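A short worksheet on the structure shown next.
What follows draws every value from the coordinates through simple rules; no lab data is involved. Keep in mind the model is a prediction, meaning the values are calculated, not measured. Cβ coordinates were reconstructed from backbone atoms using ideal geometry, including for glycine residues, and neighbour counts include every protein chain displayed.
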Number of protein chains: 2
Amino acid sequence: MSNFDEVVEICKRRGFFWPSFQIYGGSAGLYDYAPLGSILKENVYRIWMEEYMKIGAIAFDSPVITPEPVFKASGHIQRFADLATVCDQCKSSYKTESLLADKGVNIVPENEKEAVEILVKNKVRCPKCGNLLNNASKFNLMFQVSSNGIEKLYLRPETAQGIFTNFKLLLTYNRGKLPMIVIQRGKGFRNEISPRQAIIRQREFNMAEVEVFIDPLENPGFMPDAGEEIPLLRNNQEEYSGNLLNAYKTGVVGTSEHAYFMEITLKIALRLGIDKKKMRFRQHRKDELAHYSSDCWDLEFLLDSDWIEMVGISDRGQFDVKNHQELSGQNLNYGENEPRIPRVLEPAYGIDRMIMAILTSTYMKRESGYKVLSMPPEVSPYILAILPLQKKDGLSEKAQELFTAMRALEPRTLFDDSGSIGRRYSRQDEIGTPYCITVDYDTLSKDIVTIRERDSQKQIKDIPIKSLLVSGHFMENPILKLLNANSS
Amino acid sequence: MSNFDEVVEICKRRGFFWPSFQIYGGSAGLYDYAPLGSILKENVYRIWMEEYMKIGAIAFDSPVITPEPVFKASGHIQRFADLATVCDQCKSSYKTESLLADKGVNIVPENEKEAVEILVKNKVRCPKCGNLLNNASKFNLMFQVSSNGIEKLYLRPETAQGIFTNFKLLLTYNRGKLPMIVIQRGKGFRNEISPRQAIIRQREFNMAEVEVFIDPLENPGFMPDAGEEIPLLRNNQEEYSGNLLNAYKTGVVGTSEHAYFMEITLKIALRLGIDKKKMRFRQHRKDELAHYSSDCWDLEFLLDSDWIEMVGISDRGQFDVKNHQELSGQNLNYGENEPRIPRVLEPAYGIDRMIMAILTSTYMKRESGYKVLSMPPEVSPYILAILPLQKKDGLSEKAQELFTAMRALEPRTLFDDSGSIGRRYSRQDEIGTPYCITVDYDTLSKDIVTIRERDSQKQIKDIPIKSLLVSGHFMENPILKLLNANSS
């Protein structure tokens, strides 16, 4: 099994995620976040929001149901489409681009005619039945929603348009000042022709988007620090490795704000526990840029042997706000003396993919063969597990009592008294719980417990219970510092 | 203006919420959470989730797009419908039940025929053009979603079905044990005939649902404490006032688990700052129970002179799981020796309505006429504002410096240097910020500041900056205790 497959197996078995509606045979491209994944996802969103609020971002939340004029202006009605190829023998449908890529042809056909020519020329066959494929047609990727009136409604393919249509109200909220950073978490929808790879390519997915509105006449003053080094792959295929300040200074990244938000993105990915050795930034080729984008750098993650996009940091220029101004007839200019449309830089995060990157980054096997998810404590679903050494002699009851008290202080606390203590440690390791507290016979007589840390498997004995039952966050308890200094 | 209207005015002006897509004329029943409301909403969800995790709930997150068989089993395809009346003169459509209620007729007609009879008998007229109304037809409230295949898809009207369809997988996660408390936050959708009252009745709304799975053969052991007293209005119109333990003991509330989750709900509402004097529990009349419910208590809130539902705590019995078992043909039983279907108690929270209740509960006017939202600090969008006494003499720069340092510790921190200091205090009061730190000339010379508390308007001078710039949560800073003890 590949690393990816092993992690997906843990995720389904232990309850991070699984396919939705399985009792009815499932529904392609729809996944549930199970109990562990639901908390993990909240943790990822919380950290993302916190990092953006620290740099002055303001939050926003618009509906997923969106009326048609919004997507006329944004170009999604006309251009948010894939070419689809249907096998005329077995009726399977495919994204034409993927069929070509699987055949080693890395061309994105511009239209139906070109697509058919390339399919025929390369003798592309149906992966299911082997039939030769010879057709392609445009397929809009937005889901349409029924309404009772004349209004046409869609499910949004990105959260961005809810922000763009509110530019003027948000500017007023921000006291008329630019730059302005607006963040939005929420669902996005794509009627994928061929959903696949578990939560990597879904029809309904979790996004976190950032729209940075910038005055085109002024330098917004965003400048990266000389932070972590990271490989950058340019659209001329040149490779560069360095920090983002130098990437900007040497002209690899075109603007300081682009480099700044790439650095923020890298910082968030590292805080989430994503392996730096498996990340790179890659600049889009001209022929793969979205219709609204003039330049785009993706933060990519190496999943087994494939680089997948986690975050796209795109220069949308004045495209969206300008089109909304034209179609709505409303004044969406910035500035009174010299009215102008703001330009926009957009870091757009695929939360599901980041979660997959966290899980595969932190997955490891001990020499014993036991599996561990060594996620950062602030990311892992549960921080703490309370375990009795044995079930008998009142140890289970004592542990349950401590559990009830600890959970009132730290809700991300579990209890486990089934199987042997070794089994229980490895169960907690496998779901990423960083700390276990063991209740043993000394607990009964002396009110002391043992704490064990997940990655090092270090244990500290003789911790008084009263030093745990203190208000404030468990993660800030000084006891935890001992785990880095001592072992037993 | 009513209290509600005044609060809605603040919310639109200051940025809690506003109608969506206004540049295109808006779309009925769709609202944005603006920057302040977005953070407020996250705070409400966080507190709700924390309270449920403290009692051992497990989290879940299923898609909003849901295939048809799910809603066939749940009865929503057949029965989740309102009667609608269309004016044959001006073509306006109305929910028949609301037309009757506005006329003082509190009957929910069971079918089209009965509805038409009541409309005609009471000479109900179109509220817009005055035409006599004489028709009614069933109207399913689910939004349908287009798909490319034969699969029929809907937007979920409740998050509950995503949990019910996963009962067996969740039970395995929970090691086969009942009771099991499953929570889910997320969007719900209703194709409302007449959306109204700002965020109170929307077509897309924020829910937080809890499904408590209980073994029908065992007492699940949920028992309320003798907590806060609250009025209870029974479906026989008798009024009772007392705590929920007594309400159970005297038979006002039928089961101890129903009373227990009513108590949890009341506790959450109080922690959120909702006024106890404006709340009551009301039991559904038999004719208003949803098709899946055998008993339901709503936690209601008094909005001006109307009682509105915030939370419905419904006994769904074995309805849902049983129907899913029948339609899917899968075994959804609990227990091996004596297989049985679990029964379910469901506390379902309308997050938008709770937000409206928080805002109207905490809204007050000072004698000066200035408006205040006295929300609990953990609920209010921002905890802290840093204000220079004046803009000049380097005070603004010094305040900006402190702001940057504080925001790195507490992301919910604002900066404001426009207008007079009095104006700035009242601006913060109006958006509910509990603490303001003022930077004055003493700050320049002695690195000390003044802290002001919102509700009491108390100020404490001479606070050393270094006592603020400490790690850990600002809300736990001992300095804040002084505000309750001293004033200046």
Straight-line reach only, C-alpha to C-alpha below 19 angstrom: list the aspartates and glutamates that B:Lys12 could link to, leaving out same-chain residues fewer than 8 apart. A:Asp61, B:Asp32, B:Glu42, B:Glu204, B:Asp304, B:Asp352, B:Asp429, B:Glu430
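Using R₀ = 45 Å, calculate the FRET efficiency as 1/(1 + (r/R₀)^6) where r is the Cβ-Cβ separation of A:Asn235 and A:Asn134; round to 0.05.
On the way: r = 32 Å, r/R0 = 0.71.
With a Förster radius of 45 Å, E is 0.90.
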Using a 10 Å cut-off around each Cβ of peptide A:183-190, what is the average number of partner chain Cβ atoms that fall inside? 2
Whole-angstrom gap from segment B:69-146 to segment B:431-488, using each part's C-alpha centre: 56 Å
Which of B:Phe213, B:Tyr52, A:Tyr24 sits farthest toward the positive end of the charge dipole of the protein assembly as shown, with +1 on the Cβ of Lys and Arg and -1 on the Cβ of Asp and Glu? A:Tyr24
By count of other Cβ within 10 Å, fewest leading, how are B:Arg340, B:Arg185, A:Arg156 ordered? B:Arg340, B:Arg185, A:Arg156
Computed over chain A: longest principal axis from alpha-carbon atoms vs helix A:3-14 long axis, angle to nearest 10 degrees, is 60 degrees
Once Rh for segment A:84-140 is found with the Kirkwood sum over Cα pairs, what is the Stokes-Einstein diffusion coefficient at 20 °C and 1.002 mPa s, in µm²/s? 196 µm²/s
Scoring chain A by relative contact order with C-alpha pairs under 8 Å, at least six apart, yields a percentage of 12 percent
Give the chain B residue with the shortest beta-carbon distance to the rotation axis relating chain B to chain A, plus that distance as a whole number of Å. B:Val145, 3
Set of aspartates and glutamates near A:Lys481 by C-alpha distance (under 19 Å), chain-local residues within fewer than 8 positions excluded: A:Glu378, A:Glu410, A:Glu453, A:Asp455, A:Asp462
Between B:Asp447 and A:Ser456, what's the calculated FRET efficiency when r is the beta-carbon distance and R0 is 35 Å? Round to 0.05. 0.25
With Kirkwood's inverse mean 1/r over C-alpha pairs for Rh, give me the Rg to Rh ratio of chain A, two decimals please. 1.02
Quick one: 3J(HN,Hα) in Hz for segment B:20-29, Karplus 6.51/-1.76/1.60 with θ = phi - 60°, rounded, Gly and Pro as x. 6, 6, 4, 5, 9, x, x, 9, 3, x
Along the Cα-to-Cβ line of B:Gln89, 7 Å from the Cα, sits a label point; which residues in segment B:105-130 have backbone N less than 16 Å from it? B:120, B:123-130
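What percent antiparallel are the DSSP beta bridges of the protein assembly as shown, to the nearest 5?
On the way: 141 of 165 bridges.
Of those bridges, close to 85 percent are antiparallel.
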Along Cα→Cβ, 7 Å out, is where each label goes; now give me the distance between the ones at B:Asn246 and A:Arg125 in nm to one decimal. 8.1 nm
With θ set to phi - 60° and the Karplus curve 6.51 cos²θ - 1.76 cosθ + 1.60, what are the ³J(HN,Hα) couplings of segment A:286-291 in order, to the nearest whole Hz, using x for Gly and Pro? 4, 7, 10, 4, 5, 4
Can you give the calculated 222 nm mean residue ellipticity of the protein assembly as shown, where each DSSP H run of n ≥ 4 adds -39,500 (n - 2.57) and the sum is split over every residue, rounded to the nearest 500 deg cm²/dmol? -9000 deg cm²/dmol
For segment B:382-487, what size does the Cα cloud have along each of its three principal axes, sorted from largest down, in whole Å? 32, 28, 26
Members of A:Lys95/A:Lys123; B:Lys398/B:Lys466; A:Lys41/B:Lys41; B:Lys41/B:Lys458; B:Lys54/B:Lys277 lying beyond 21 Å, as alpha-carbon distances in this model show: B:Lys41/B:Lys458; B:Lys54/B:Lys277
Considering only the label points, 7 Å along Cα→Cβ from Cα, what distances in nm to one decimal separate B:Pro464 from the same position in each other copy, shortest first? 2.8
Vicinal HN-Hα couplings computed from phi for segment A:347-357 (Karplus, 6.51 cos²θ - 1.76 cosθ + 1.60; Hz; Gly/Pro x): x, 10, 9, x, 5, 4, 5, 5, 5, 4, 5
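Need one number: convex hull volume per residue for the protein assembly as shown, Cα atoms only, in Å³. Write out the running numbers ahead of the final one.
On the way: hull volume 200.8 nm³, N = 976.
Cα-based convex hull of the protein assembly as shown, divided per residue, equals 206 Å³.
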Cys in the protein assembly as shown lacking any partner Cβ under 4.7 Å -> A:Cys11, A:Cys296, A:Cys436, B:Cys11, B:Cys296, B:Cys436
Check which residues have an amide H placed less than 5 Å from A:Ala136's amide H, if you skip close sequence neighbours. none
Give the peptides B:385-391, A:106-112 in descending order of average Cβ contacts within 10 Å, highest first. B:385-391, A:106-112
Inter-chain shielding metric for A:323-331, i.e. average beta-carbon neighbours from other chains within 10 angstrom, reads 2
per DSSP, antiparallel bridges as share of beta bridges in chain B, % nearest 5, sits at 85 percent
Rounded to a whole number, the mean other protein chain Cβ count within 10 angstrom for residues of B:43-50 is 1
